[in-house]
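The next block holds one structure in the form of structure tokens; read it before the comments.
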Amino acid sequence: MLVIEGLHVEVGRTEILAGLDLAIPAGEIHAVMGPNGAGKSTLANVLAGRDGYRVTAGRVKFLDHDLLAMSPEERAAAGVFLAFQQPVEIPGVPNMYFLRTALNSLQRAHGLAEIGPSEFLALAQDKVRLVGIDPALMSRSVNEGFSGGEKKRNEILQLAVLEPRLAILDETDSGLDIDALRVVADGVNALRRPDRAALVITHHRRLLDLLVPDRVHVLVGGRIIRSGGAELAGELERTGYTGLRDDRRDPVATIGASR
Amino acid sequence: MTSQVAERTWQHNVHLSGGAPAERPGEPAWLSAARRSAFDWLSQHGFPTRKDEDWRYFDLAPVLGLAFSPNREPSIEPRAADLGAVAGPSLGGPRLVVLNGRYSPLLSDVTLGLGDGLHVASLAGEIRDGGPGLAQRWGDGAYSHAFDALNAALAVDGVYIELAPQTTADAAIEIVYLTVAAGDLPLVSPRSVIFAQAGSRATIVETHLGLGHGHSLTNSHTRVVLAAGAHVEHYRFQAEGPEASHLSVVEVHAGEASRFASRTLAVGGLRARHEVRARLVAPSAELRLDGLYLPAGEQCHDNPVLVEHLAPGCTSRQLYKGIVKDAGHGIFNGHVIVGAAAVGTEAHQTNKTLLLSDRAEVDTRPRLEIFTDEVAATHGAAVGQLDQDALFYLRSRGIPDRDAQAMLVAGFAADVLDGFAPGPVRGLADRLVGSHLEAGSGAYQPEVKR
Ligand SMILES: Nc1ncnc2c1ncn2[C@@H]1O[C@H](COP(=O)(O)OP(=O)(O)OP(=O)(O)O)[C@@H](O)[C@H]1O
Ligand SMILES: [Mg+2]
């Protein structure tokens, strides 16, 4: 579903991603772990189409699309969704209205009829309950004054309403209480369908224990230096990243091969 | 044309066309005297120049360079349908129409919303038939500037509204000022007086609209007098034509424990200056002054505000927001004076500007002058562009760039517009803002740096 080949990305004059390869087949959930500053958010942002990154080499194929040639809204319409590491506050734009506008923008992009306010309300109420977000947050401005956890729950709510084909979660689990963590895991597990996939960026094993990824990749210094099965997360917890650095010359080496 | 020549031409025109303080037939003596003194003031002080603090950013030269002629009949007689097309449906209460400075019984509709205790008349009618009270409420002889005095010298008509003590006007009272031009350079000088007696309540919506084509100059003055405990919600929509010059003053005299809210919206005119001047003369009065202005194209919207706290325990809050597009020019010149007697004053002043183009121009000057202790006062100004992170966030959810920008612009305006009464008043505001932002080339089309 998603194939990234030899991706080099610069911010300013600094190369952040240095030949990154990653493939996520449909129906699978992949986790990406790595030390602070390794380039995880950079990868997520480049996939979602954020400005300020210069792709100097490499390709990203999503389904049949040349992803890097598309605008952010085209990527969203194609099914890409990024749950932000730092969700943005948007004063004056009510959360409910934002969510309906987003859903209807996707409907329009797909040539489907827009969803009316009352029908949307019913749909949103369901998802609000599912995600366990305080309904009062729906009439407030998007993320404005939300607590850290509320912002993350709001990302999951958007994920649940917009039903993307590829969900990219950038540390959505950070700062979440245990209940919310389960909500995230359930939300991602719901994507375990033949036409869906997820890329979950995390520092913590807790989330991976709940959602059990098909593959775990280790991103260090702008490249995937290790890939393995779910048990790689546990191994990383014991060894840390420092022990892995020596293996950079062999980016496809997999600890999970012992599985 | 140098400004002196312009000024002489102007004075000449104004004299010739009957603006001179010669008495008008049937005019009460107090009014002749008031007009004469206004004219004297004007002759003495002359028109403002760029050297005047309050006119530093507003270009008057094009106004003074044109030979506007006062108090002419409108060159076209608009019909009710023409009015409806620009003014939209009634707000559910009386609609009083002032056509080129004169009350139009033909275009007005006073069948709705008139109840006991609410007195509504043309100003000319009130001068003719009303009691002596009008003389006191006409004005205090203090003029902000030459145009303010010019209005006092030239005005013959407008609207008079009086609310008896403890009266509540349920529906909004609407005053529509229609300026009609057809290449004849009209100078239009409407004057209205609103007197809210003790404990009365009303919502008053003043809308300035234009019809026809060519330059025009509207120079209006509205005086609002609030007795003890009166509450007035005052709206002012300025949506004049694309070549119009617009100068106006709303002057507020706030009595004890009265509450006055002014909410202004400027979308029209080529150059428009709307001044709000409020004096809090008795204890515990509350003032709320909000403004939203959206200069686009070559438009200039100037918002001078003067609040004088003259009694203890009064509150004033100002929130002015500008959305400046194309080569538009937005000006906020807010001045709060807290006098020696005004202990326990609370005064807040905020101005925020959103620049949607790199040709957009903005001048902002919040000022506080405090002459007493025990005052809680804040002021601040911020100028910014669309938040690119927010824009990306919206687009990443599938919302197209243009719509996403529109959402952010609307979000910026929200805290001002959310103060507008829900229903027809908010509806009118949304309609004016919507059509203004959609009009012209590339409504939201970004000149925003990416
Ligand atoms: N706009 C930017 N300007 C300068 N440097 C940047 C910018 N964005 C990212 N970087 C740098 O790129 C590197 C990778 O950042 P990135 O946010 O992708 O790391 P990360 O792996 O997500 O880290 P974390 O685990 O802390 O979230 C960091 O060194 C960061 O400082
Ligand atoms: Mg990160």
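The values are calculated or read from the model by the stated rules, or taken from the named source; none is laboratory data. Please read all numbers here as calculations on a predicted model, not as lab measurements. Every residue, glycine as well, gets a Cβ built from its backbone with ideal geometry; the counts of neighbours run over all protein chains shown. What goes into the accessible areas is simple: the full protein's heavy atoms, side chains included, and nothing from ligands, DNA or RNA. Shrake-Rupley method; radii C 1.70, N 1.55, O 1.52, S 1.80 Å.
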Legend entry - Antiparallel bridges, percent of DSSP beta bridges restricted to segment A:2-258 (to nearest 5): 60 percent
Inset, instruction - Towards the positive end of the charge dipole of the protein assembly as shown, with charges on Cβ (+1 Lys, Arg; -1 Asp, Glu), say which of B:ALA33, A:VAL128, A:ALA190 has the farthest Cα. - result: A:ALA190
Inset, instruction - Over segment A:2-258, average the accessible area per residue using a 1.4 Å probe and give it in Å², no decimals. - result: 43 Å²
Legend entry - Environment charge of A:ILE201, counting only residues whose C-beta is closer than 10 Å and scoring Lys/Arg +1, Asp/Glu -1: -2
Inset, instruction - With only Lys, Arg, Asp and Glu charged, each at its Cβ (+1 for the first two, -1 for the last two), find how big the charge dipole of the protein assembly as shown is about the Cα centre; round to the nearest 20 debye. - result: 940 debye
Legend entry - Cα gyration tensor shape of segment B:57-211, rounded if a/c is under 1.5, else prolate or oblate by comparing a/b with b/c: oblate
Inset, instruction - Could you tell me whether chain B comes out rounded, prolate or oblate from its Cα gyration tensor? Rule is a ≥ b ≥ c as square roots of the eigenvalues, rounded for a/c under 1.5, then prolate if a/b exceeds b/c, otherwise oblate. - result: rounded
Legend entry - Helix-only CD estimate at 222 nm, as mean residue ellipticity for chain B, using -39500 (n - 2.57) per DSSP H run (n ≥ 4): -7000 deg cm²/dmol
Legend entry - Order of exposure, largest accessible area first, which applies to A:HIS203, B:HIS329 with probe 1.4 Å: A:HIS203, B:HIS329
Inset, instruction - Return the carbon/sulfur percentage of the accessible area of chain B, one whole number, probe 1.4 Å, all protein chains in place. - result: 52 percent
Inset, instruction - Run through the DSSP bridge list for the protein assembly as shown and note the antiparallel percent, rounded to the nearest 5. - result: 20 percent
Inset, instruction - Taking the dipole about the Cα centre of segment A:2-258, with the C-beta of Lys and Arg at +1 and of Asp and Glu at -1, give me whichever of A:ILE178, A:ALA77, A:SER105 is farthest to the positive side. - result: A:ALA77
Inset, instruction - On the protein heavy atoms, probe 1.4 angstrom, tell me the percent of accessible surface of segment A:2-258 carried by carbon and sulfur. - result: 49 percent
Inset, instruction - Quickly work out the B:GLN136-to-B:GLU298 label distance, labels modelled 7 Å from Cα along the C-beta direction, and quote it in nm with one decimal. - result: 4.9 nm
Legend entry - Cβ crowding within 10 Å averaged over residues, with B:297-309, A:10-22, A:188-200 ranked highest first: B:297-309, A:188-200, A:10-22
Inset, instruction - Calculate the mean, over all residues of peptide A:101-110, of how many other protein chain Cβ atoms lie within 10 angstrom of the residue's Cβ. - result: 4
Inset, instruction - Kindly identify segment B:214-310 as rounded, prolate or oblate by the Cα gyration tensor criterion: order the square roots of the eigenvalues as a ≥ b ≥ c, call it rounded if a/c is under 1.5, otherwise compare a/b with b/c, prolate if a/b is larger, else oblate. - result: prolate
Legend entry - Simple spin-label estimate for B:ARG128 and B:VAL343 in nanometres, 7 Å along Cα-Cβ: 5.2 nm
Legend entry - Of A:LYS40/B:LYS325; A:LYS127/B:LYS352; A:LYS151/B:LYS352; A:LYS151/B:LYS325; A:LYS61/B:LYS325; B:LYS51/B:LYS321, those spanning more than 29 Å from alpha-carbon to alpha-carbon: A:LYS40/B:LYS325; A:LYS127/B:LYS352; A:LYS151/B:LYS325; A:LYS61/B:LYS325
Legend entry - Part-to-part distance (alpha-carbon centres) for segment B:79-153 and segment B:334-364, which is given in Å: 30 Å
Legend entry - Per residue solvent-accessible surface (Å²) - chain B, probe of 1.4 Å: 36 Å²
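Restricting attention to segment B:294-387, which chymotrypsin sites (Phe, Trp or Tyr not before Pro) occupy a DSSP loop and are surrounded by at most 15 other Cβ atoms within 10 Å?
Here the chymotrypsin sites (Phe, Trp or Tyr not before Pro) that fit, given the DSSP loop and packing criteria, are B:PHE371.
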Inset, instruction - Can you tell me the dipole magnitude for segment B:286-340 around its Cα centre, using point charges on the Cβ only (Lys, Arg +1; Asp, Glu -1), in Debye to the nearest 20? - result: 160 debye
Legend entry - Lys/Arg +1, Asp/Glu -1 at C-beta; the protein assembly as shown dipole; positive extreme among B:ALA121, A:LEU68, B:SER396: A:LEU68
Inset, instruction - Round to a whole angstrom and tell me the spacing of the C-alpha centers of segment B:25-40 and segment B:184-212. - result: 21 Å
Inset, instruction - Find out how many positive minus negative residues lie around A:LEU63, taking Lys and Arg as positive, Asp and Glu as negative, among other residues whose Cβ is under 13 Å from that of A:LEU63. - result: 0
Inset, instruction - Taking the Cα centre of segment A:2-258 as origin, sum charge times position over the Cβ atoms of Lys and Arg (+1) and Asp and Glu (-1), and report the length of that vector in debye to the nearest 20. - result: 200 debye
Inset, instruction - Can you pull out the buried accessible area for chains B and A, both sides counted, probe 1.4 Å, rounded to the nearest 100 Å²? - result: 1900 Å²
Legend entry - Environment charge of B:LYS321, counting only residues whose C-beta is closer than 13 Å and scoring Lys/Arg +1, Asp/Glu -1: -1
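Hydropathy first: keep DSSP H helices in chain B averaging at least -0.5 on Kyte-Doolittle, then drop any whose Cα extent along the axis falls short of 18 Å, and list what survives.
Taking the DSSP H segments of chain B (at least 18 Å long, mean hydropathy at least -0.5), we get B:29-45, B:401-417, B:424-438.
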